[in-house]
Amino acid sequence: MPLARSLAIVAALLLAGCTGGDDAQPDETGTAPTQEQPMPLEELPEDTPALGEIIPAPVRATGDESSNFELTAQTRIRLDSDGSGARRAAEYLVDLLEPATGFALPVIDGGDARPGREIVLRDGKQLPEDLPEGGYALEVTAGGISLAADSADGFFSGVQTLRQQLPADIEANERVDRTWGVAGGRIVDHPRFGYRSAMLDIARHFFEPEVVKRHIDRLAQYKINHLHLHLSDDQGWRIEIEGWPKLTEIGAATEVGGGPGGYYTQEEYRDIVTYAADRGITIVPEIDMPGHTNAALISYPELNCDGSRPEPYTGTHVGFSSLCIDSERTYEFVSDVISQVAELTPGEYLHVGGDEAEVTGEADYARFFERVLPMVTEAGKRPVGWHEYGQVDLPEPAIVQYWRIESEHPDTTASAENGNSIIMSPANKSYLDMKYNDGDPWGNDWAGAVDVRAAYEWDPARFLTGVGESAVHGVETALWTELVESESDIERMMFPRLQALAEVGWTPQQDRDWESFQRRLAMQAERMDNQGIDYHPTPGVSW
Ligand code: NGO
């Protein structure tokens, strides 16, 4: 018997042994059922990624060429877990694998091990004890694949790793008749930051729910676990609020450039939230206030201090609108909005904007947030705000999102010193509305060009003076849509910078390396093509 085969059988038996299953025990005839075990794939198809050649790079990957796994129509997915996270991740995996393989893999709850034919998702009994939150271990042997985690986040991340370990054909929309191999070995992995996020501005240009859903699919594959939706701005109000119908009748009917705008009904929003959760993504809703509120003011002029109705705004300037800080009507409005949005959103966070309130006045701004922040915490949510709101006395759980390009920002440093966590979104690294290169015909440029390398080569814990690793809550890219009008614009601006930011948020700083990233990024081209992503083939990467 060839050595590789005997090793694979030993591995299969061991795997069965650790699950407590008894399929590997001798049967009535006294022979172990090894003939049921498929041959290990001694020759992986050439296009199968080596273990760990994925984005974001895993913390530790140890390949074992003698124990490659083959996914077949007989493979089943078995749950050995008490939580719902494993089931959700398993169902997601089944849906991911089905179109290209044509396999409708069954998900089985509990039951015995069946070596050689299964992918087991199990609670983290075999995880290293000190594995940080959100971590997982993926063990690939000829005898089966084991994915162990102790959180839904960990299971979803493990599934994304497995997905990228399959050949790029797995992303095809139609059945591809071929051998589906996975390189053998073990990955033990965990995120650097628990919060890895992307922001999409649906206020400047509105995007229909199905576009947002496709966007969610695309983000999830790189282990992005939050999607921040910028739901209101001067140019449009995008979510139905009961009791305030004009927000959607009037405030939603505009967008940059004069297009028709649009909004989500509460039902559509809930549906997006559920769709995201099924892919391991938490929605973070943002209602921007007290500035960036022209769309609310044209809907309800009583929110304006002089009671007059401003003109609808479809340009791209910022900093000219404000809710009336002294009017009780403002707080009735804000309270209804916050309580309804909180109710619709199961996730932990509610973003209250707070940026560029240039016509609000400093004392008014502080008074406004002194009333509004308790509304958020009372609604059971953790407030997030753009860094300007750091000038206010923030409650401890409040999170500050830094978006400027300067490396000094005393208010944000003070917030960090006071124990508030900081989300890092410096515009010259993570703003995906910026041009890639100076000569690009599209894109904003106030923060300078942001090419893939710039998006990759920075350390979120060293960007801002006084905001080190333990103060950083996570990283977020921002796609503002003043100049982004179509789904293909979204794709071109996001990809491949999104992959760079995904690795910034996941992989330990000392393990990150541009050469290695560049190589792995080039391998993503075929995956993105198969998904129909209209990415920007940025120069400097050997696509
Ligand atoms: C700024 C501004 C947004 C713009 C964006 C464009 C923040 C937090 N407020 O970022 O309104 O759309 O720049 O890059």
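Select from the range 175-198 the residues that are part of a loop (DSSP other than H, G, I, E, B) and closer than 30 Å to Tyr431 by Cβ and write down the one among them that is farthest from the ligand (Cβ to nearest atom).
His190
Does Thr481 satisfy being touching a residue at least 12 places away in the same chain (Cβ under 8 Å), within 16 Å of the ligand (Cβ to nearest atom) and assigned to a loop (DSSP other than H, G, I, E, B)?
When the stated conditions are applied, Thr481 passes them.
Given the condition modelled with pLDDT of 95 or more, assigned by TED's automatic domain parsing to the domain that holds Pro496 and within 14 Å of the ligand (Cβ to nearest atom), answer yes or no: does some residue in the range 452-463 qualify?
No; the residues of the range 452-463 include none that is modelled with pLDDT of 95 or more, assigned by TED's automatic domain parsing to the domain that holds Pro496 and within 14 Å of the ligand (Cβ to nearest atom).
Starting from the range 383-397, keep only residues that are in the same structural domain as Gly419 (by TED's automatic domain parsing) and without any contact (Cβ under 8 Å) to a residue 24 or more places away in the chain, then list their pairs with residues that are part of a helix (DSSP H, G or I) and of a type in the set (Ser, Thr, Tyr) whose Cβ atoms are within a distance under 8 Å, requiring at least 6 positions of separation or different chains.
Partner pairs satisfying both residue conditions: Pro395/Thr377; Pro397/Thr377.
Just name the residue that is nearest to Thr507 (Cα to Cα) out of those in the range 225-244 that are open to solvent by 10 Å² or more (accessible area, probe 1.4 Å) and assigned to a loop (DSSP other than H, G, I, E, B).
Residue satisfying both the conditions and the ranking: Glu240.
Filter the strands (runs of 3 or more DSSP E) completely within the range 112-174 down to those with at least 3 residues that are β-branched (Val, Ile, Thr).
Output list is empty.
On the given criteria, is Tyr263 open to solvent by 10 Å² or more (accessible area, probe 1.4 Å) and modelled with pLDDT of 95 or more?
Criteria met by Tyr263.
For the range 346-396, which positions are surrounded by fewer than 23 Cβ atoms within 10 Å (Cβ to Cβ), within 23 Å of the chain's Cα centre (by Cα) and on the phi > 0 side of the Ramachandran plot?
Gly380
Take the range 169-179 and flag every residue that is under 23 Å from Arg88 (Cα atoms) and surrounded by fewer than 22 Cβ atoms within 10 Å (Cβ to Cβ).
Ile170, Ala172, Asn173
Just give me the residues in the range 489-543 being small (Gly, Ala, Ser) and modelled with pLDDT of 95 or more, in sequence order.
Those that are small (Gly, Ala, Ser) and modelled with pLDDT of 95 or more: Ala500, Ala502, Gly505, Ser516, Ala522, Ala525, Gly532.
Open to solvent by 10 Å² or more (accessible area, probe 1.4 Å), among the acidic types (Asp, Glu) and either outside the structural domain of Ala172 (by TED's automatic domain parsing) or closer than 20 Å to Trp446 by Cα (or both) - does that describe any residue in the range 494-505?
No, the conditions are met nowhere in the range 494-505.
Tell me, which strands (runs of 3 or more DSSP E) lie completely within the range 1-89 with 1 or more residues that are at pLDDT 90 or above and among the β-branched types (Val, Ile, Thr)?
Per the criteria, 60-63, 76-80.
Just to be sure before I move on: is Ala73 open to solvent by 20 Å² or more (accessible area, probe 1.4 Å) and within 19 Å of Gly144 (Cβ to Cβ) in the structure I sent?
In short, yes.
If I go through the range 199-237 residue by residue, how many of them are under 19 Å from the mean Cα position of the chain (by Cα) and within 16 Å of the ligand (Cβ to nearest atom)?
9
Which of the residues belonging to the range 286-326 are among the small types (Gly, Ala, Ser) and away from the ligand (no atom under 16 Å from the Cβ)?
Ser299, Gly307, Ser308, listed by residue number.
Checking the structure you have, find out if any residue of the range 397-420 is within 16 Å of the ligand (Cβ to nearest atom), charged (D, E, K, R) and surrounded by 19 or more Cβ atoms within 10 Å (Cβ to Cβ).
no
What residue, among those in the range 421-443 that are more than 9 Å from the ligand (Cβ to nearest atom), hydrophobic (A, V, I, L, M, F, W, C) and in contact with a strand residue (DSSP E or B) (Cβ under 6 Å, 6 or more places away or on another chain), is farthest from Gly385 (Cα to Cα)?
Leu432
May I ask you to verify whether Arg329 is open to solvent by 50 Å² or more (accessible area, probe 1.4 Å), in contact with a Leu (Cβ under 7 Å, 6 or more places away or on another chain) and away from the ligand (no atom under 16 Å from the Cβ)?
Taking the combined requirement at face value, the residue satisfies it.
List the number of the failed condition for Trp446; all other conditions in (1) within 24 Å of Ile283 (Cβ to Cβ); (2) surrounded by fewer than 18 Cβ atoms within 10 Å (Cβ to Cβ); (3) within 16 Å of the ligand (Cβ to nearest atom) hold.
Failing condition for Trp446: (1).
The values are calculated or read from the model by the stated rules, or taken from the named source; none is laboratory data. Please read all numbers here as calculations on a predicted model, not as lab measurements. Ideal geometry is used to build each Cβ from the backbone, glycine not excepted, and the neighbour counts take in all protein chains shown. With ligands, DNA and RNA removed, areas are computed over all heavy atoms of the protein, side chains included. Shrake-Rupley method; radii C 1.70, N 1.55, O 1.52, S 1.80 Å.
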